[in-house]
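To keep things clear, I will list the structure first and then write my remarks on it.
The values are calculated or read from the model by the stated rules, or taken from the named source; none is laboratory data. The structure displayed is predicted, hence computed values, not measured ones. Every residue, glycine among them, receives a Cβ derived from its backbone with ideal geometry; neighbour counts consider all protein chains shown.
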């Protein structure tokens, strides 16, 4: 199903191909170990602002020409900044793979970071932050992350804080680029109708001048716990509760993945059936697993009415508390099957396969085969699930709410319910 090949250029850039000869397109991009987690507090938001500035012009192309070059051949180009990674990627027809690499490699190495463009882009990012602040189900997750990893890079918002971003100097952007955008931190990954030899040849043509370097060590992460309540006049209370999880790729990560799917991963999950269908206390409720290189959190998100939260919280705590002692074989099998199906169906997408290759090379310096991932999911047993579910409750919970939560009981009362 997957024919992944890897070559490392002399400067350290890793080139990964996942050939899919039956499709007509290629998804191609560069994944950089340069997310928000590498920021100092006084430049929180620099990784994301740098991502924006990459598209603002090089000596060869204006900002408009960068977009037009890809879109004129029917492709699309985009980027994102996460906590540990920043990615730049495009999807084009197979004959335009060289053009896509040329564009991305050009701005990755030659962006001008023009002062006038920077002034405009700071304003754009401030608008983005403002839009996020107006979206409570976005803000509540930032607040939750800050409680889970207090006073640490992993707990700061990826978009940055307005007072910092609004004054971000050009030197901070150029310095961050110089420290992190080098061969030791960059992976070029492609999935689709392209051979490995062709991809390596393009990489040698366009990326040989990338300076060599050594990836910086991750700042230490220390899980915390606690509470954040933000009162707002809203129709709902946005509620997130979570516990210490596990690093991505660890054995416990796979157990928690199955547990997350079983507990709140779909319409057949426990939380959907009990909290929404039987009790009618929420419209949406689901679990999530945020896993990083060395830490992680397991959480639950829900939106409920101000008058219903008094009933909702005890009901949710009851479901969490009894999880480890009530795991059944049928629901475990269903959760495992759903995870395997999602994994296998994702293999039909060139974008998903390129993303998988880029991310996994940065994490493990290899691409984990689908067969290995399926085996890890199948090896999750009721016993390991019960241990993982119980271990969650051994950590201090993280609780974040936004909205009119005056009828919600205290954090200490919620902790007591979970400990009962």
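General observations
- Filter result (under 12 Å from residue 193 (Cα atoms), in a loop (DSSP other than H, G, I, E, B) and in contact with a strand residue (DSSP E or B) (Cβ under 6 Å, 6 or more places away or on another chain)) within segment 1-23: 3, 20, 23
- Which numbered condition residue 219 fails, given (1) more than 17 Å from the chain's Cα centre (by Cα); (2) assigned by TED's automatic domain parsing to the domain that holds residue 370; (3) surrounded by fewer than 22 Cβ atoms within 10 Å (Cβ to Cβ): (2)
- Single residue of segment 59-78 satisfying the filter (within 28 Å of the chain's Cα centre (by Cα) and assigned to a loop (DSSP other than H, G, I, E, B)) that is surrounded by the fewest Cβ atoms within 10 Å (Cβ to Cβ): 74
- Output for segment 24-58, where each listed residue is surrounded by fewer than 17 Cβ atoms within 10 Å (Cβ to Cβ) and closer than 23 Å to residue 78 by Cβ: 24
- Just one residue in the set 107, 113 is free of Cβ contacts under 8 Å to residues at least 60 places away in the same chain and either assigned to a strand (DSSP E or B) or within 16 Å of residue 176 (Cβ to Cβ) (or both); that residue is 107.
- Selection count where residues are in contact (Cβ under 8 Å) with a residue 40 or more places away in the chain and in contact with a helix residue (DSSP H, G or I) (Cβ under 9 Å, 6 or more places away or on another chain), scope segment 130-144: 1
- Residue in segment 251-258 that is modelled with pLDDT of 95 or more and part of a loop (DSSP other than H, G, I, E, B) present: no
- Some residue of segment 114-136 being in contact with a strand residue (DSSP E or B) (Cβ under 9 Å, 6 or more places away or on another chain) and under 20 Å from residue 358 (Cα atoms): no
- All positions within segment 272-313 that are more than 30 Å from residue 360 (Cα to Cα) and in a strand (DSSP E or B): 284, 302, 303, 304
- Yes/no for residue 248 being surrounded by 13 or more Cβ atoms within 10 Å (Cβ to Cβ) and touching a strand residue (DSSP E or B) at 6+ places or on another chain (Cβ under 9 Å): yes
- Highlighted here are the helices (runs of 4 or more DSSP H) found entirely within segment 314-415 that include at least 2 residues which are touching a residue at least 60 places away in the same chain (Cβ under 8 Å), out of contact with any helix residue (DSSP H, G or I) (no Cβ under 8 Å at 6 or more places or on another chain) and within 26 Å of residue 21 (Cβ to Cβ): 350-364.
- In this entry, residue 297 passes the filter for residues that are under 23 Å from residue 149 (Cα atoms), surrounded by 15 or more Cβ atoms within 10 Å (Cβ to Cβ) and touching a strand residue (DSSP E or B) at 6+ places or on another chain (Cβ under 8 Å).
- Filter result for residue 231 (at pLDDT 95 or above, under 30 Å from residue 406 (Cα atoms) and either surrounded by fewer than 17 Cβ atoms within 10 Å (Cβ to Cβ) or over 17 Å from the mean Cα position of the chain (by Cα) (or both)): yes
- From the list 240, 165, 174, the one residue that fits, being under 30 Å from residue 316 (Cα atoms) and in contact (Cβ under 8 Å) with a residue 24 or more places away in the chain, is 240.
- Every residue from segment 251-282 that is touching a residue at least 40 places away in the same chain (Cβ under 8 Å), touching a strand residue (DSSP E or B) at 6+ places or on another chain (Cβ under 8 Å) and farther than 30 Å from residue 372 by Cβ: 275
- Residue 333, sole failed condition from (1) surrounded by fewer than 21 Cβ atoms within 10 Å (Cβ to Cβ); (2) within 30 Å of residue 232 (Cα to Cα): (2)
- Residue 80 vs. criteria assigned by TED's automatic domain parsing to the domain that holds residue 153 and either at pLDDT below 95 or farther than 24 Å from residue 164 by Cα (or both): no
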